[in-house]
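Reading through the structure tokens given below for one structure.
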Amino acid sequence: MKRVILGVTGSISAYKAPEILREFQKREWKVRVVMTENATRFISPLTFLALSGEEVIVDQFRDLKNGLEHIKLCDEAEALVVAPATANIIAKFASGIADDFLSSLYLACKKPVFVAPAMNEGMLLHPATSRNIEVLKRDGVIIIEPEEGYLACEEHGKGRLAEPSRIVFEVLSHIGKEMKGIKVVVTAGATREYIDSVRFISNPSSGKQGVAIAEEAALMGANVTLFLSSSSAERTYVKTERFETVEELREKLLEVKYDILFMAAAVGDFRPVEVFEGKIKRQGNINIEFESTPDILKEIAERKGPDQIIVAFAAETEDFLERGKKKLLEKGADLIFVNPVGRDKGFGTGENQGYLIFKDGTVQEIERAPKREVARRLLLSLL
């Protein structure tokens with residue numbers, strides 16, 4: 001099991017540190033907590049002991065049992081994450097001061113270091129703090145930028161500790177190794193084609209599966225761009241660009257560079273020939289003529305290079321394998337994931353299942369599982 005060291009300093013936002021610990025544990029990482037003396041004034045070491053099952057280190061001398069533990073700890077961990085990081089600890093790190101366990105640990109650590117500042121906006125923007133943060137960046141420390149919001153000083157501004165899920169995402173995506181250096185592009189969600197100014201035709205796709213693929217690829221170290229439909233309410237920390245219509249998505253895909261492209265978006269097959277201005281009034285039966293939308297997948301596949309991989313997706317209600325193999329052949333993709341859809345299946349749900357079909361005819365069944373797990377299985381099948 002991989003390990004990470006979580007450094008906690010004397011900020012009011014120390015109450016969020018247990019959430020950070022839990023987010024790492026959800027990813028099956030072991031967490032060792034190091035606290036400054038001031039941090040213990042905000043939250044008890046007992047809290048972290050209970051959650052992590054590991055002794056918490058506070059005092060530079062009293063808590064040492066194995067000699068130079070500040071060196072040993074970093075040798076066993078994948079990264080040092082300091083969250084929250086006060087202006088004081090940032091100044092110590094930048095100046096090379098080592099007068100407590102955490103600052104000594106920082107100087108001894110040869111692994112990636114992540115610092116998530118949390119403080120009043122005035123302190124954050126002060127020239128001294130800004131200068132110290134720039135020093136850390138030059139030294140190779142990765143700064144997880146604080147967010148804007150309501151601060152402990154009862155003011156609104158920048159300085160809030162980044163959300164625990166974002167902190168863990170940024171850490172794991174930076175140190176992920178399986179797909180390091182690979183450029184991944186993912187499309188997700190449903191397209192919309194307008195009939196008039198307020199009505200459109202679409203489908204129930206939420207974009208959850210595509211977002212899961214993008215996030216899992218990022219956590220494996222890939223350089224990820226997500227094209228997400230404007231209709232999707234999914235939140236993600238992956239670099240994201242929004243699209244609405246088939247043509248908007250097509251234009252983005254024709255410009256982007258990739259090593260692996262996941263065409264997980266539910267692209268509409270038809271669009272109105274004419275889009276009415278304003279709102280069509282109720283007037284009995286009306287006839288609307290539709291035309292086929294551009295076949296983006298086929299067009300992109302015809303342009304791909306020999307070292308590029310395209311993964312197609314097919315949402316079917318019947319004859320899954322037969323229709324999947326036919327689409328793979330017609331579109332020119334390298335493999336295709338076929339999944340059943342319908343009421344309580346696929347679209348909008350938290351789980352997925354289906355069949356991964358390769359060009360050589362090999363079929364790999366992916367049993368029902370959370371969409372994040374399905375995403376990881378899809379990615380591992382390409383490595």
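Read-outs: derived from the displayed coordinates by stated rules, not from any lab. Quick caveat, the model's predicted, so the values are computed rather than measured. Every residue, glycine as well, gets a Cβ built from its backbone with ideal geometry; the counts of neighbours run over all protein chains shown.
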| query | Where does the charge balance sit around GLU277 when Lys and Arg score +1, Asp and Glu -1, over other residues with C-beta under 15 Å from its C-beta? | reply | +1
| message | In the chain, if the dipole is taken from +1 on Lys/Arg beta carbons and -1 on Asp/Glu beta carbons about the Cα centre, which of VAL31, LEU161, MET179 is farthest to the positive end? | response | VAL31
| task | For a footprinting-style exposure proxy, rank GLU322, GLU255, GLU121 by other Cβ within 10 Å, fewest first. | result | GLU255, GLU322, GLU121
| note | Given pairs LYS16/LYS110; LYS30/LYS72; LYS257/LYS298; LYS30/LYS111 and cut-off 23 Å on Cα-Cα distance, the over-length ones are LYS16/LYS110
| Mean 1/r over all different Cα pairs, inverted: what Kirkwood radius does the stretch 90-172 give, in Å? | 13.6
| task | Compute the normalised compactness of the stretch 3-175: alpha-carbon radius of gyration over 2.2 N^0.38 Å, N being the residue count. | result | 0.95
| Counting every Cα pair in the chain, what percent are over 26 Å apart? | 60
| note | The size of the Cβ-based charge dipole (Lys, Arg +1; Asp, Glu -1) of the stretch 192-341 about the Cα centre, to the nearest 20 debye, is 340
| note | Treating only Lys and Arg (+1) and Asp and Glu (-1) as charged, each at its beta carbon, one finds that the stretch 3-175 has a dipole about its Cα centre, in Debye to the nearest 20, of 300
| field | Residue-by-residue Karplus 3J(HN,Hα) for the stretch 310-315, coefficients 6.51, -1.76, 1.60, Hz, glycine and proline x | value | 10, 9, 8, 10, 9, 9
| field | Extension gain (nm, one decimal) between HIS126 and LYS239, 0.36 nm per residue minus Cα-Cα | value | 37.8 nm
| field | Extreme residue, positive dipole direction of the chain, given options VAL81, GLY305, LEU105 (C-beta unit charges) | value | LEU105
| note | Per-residue Cβ contact counts at 10 Å, fewest first, order ASP75, ASP269, ASP334 as ASP75, ASP269, ASP334
| note | By Cβ neighbour count within 10 Å, fewest first, GLU23, GLU28 rank GLU28, GLU23
| said: How big is the stretch 183-380 along each principal axis, measuring the range of its Cα positions in Å and listing the largest first? | reply: 54, 35, 32
| Given charges at beta-carbon only (K, R positive; D, E negative), |dipole| of the chain in Debye | 420
| GLN364 to GLU155: extension gain in nm, 0.36 nm per residue of separation minus the Cα-Cα distance? | 69.8 nm
| remark: Extension length gain for LYS177 and GLU289 (0.36 nm per residue less Cα distance), in nm, is 35.3 nm
| task | Identify which of ASN352, ASN132, ASN339 has the largest mean-square fluctuation in a Gaussian network model of the chain, with springs joining Cα atoms closer than 10 Å. | result | ASN132
| message | Compute a Gaussian network model of the chain, connecting alpha carbons closer than 10 Å, and tell me which residue from THR187, THR86, THR129 fluctuates the most. | response | THR129
| query | Per residue of the chain, what 222 nm ellipticity follows from adding -39500 (n - 2.57) for every DSSP H run with n ≥ 4, rounded to the nearest 500? | reply | -9500 deg cm²/dmol
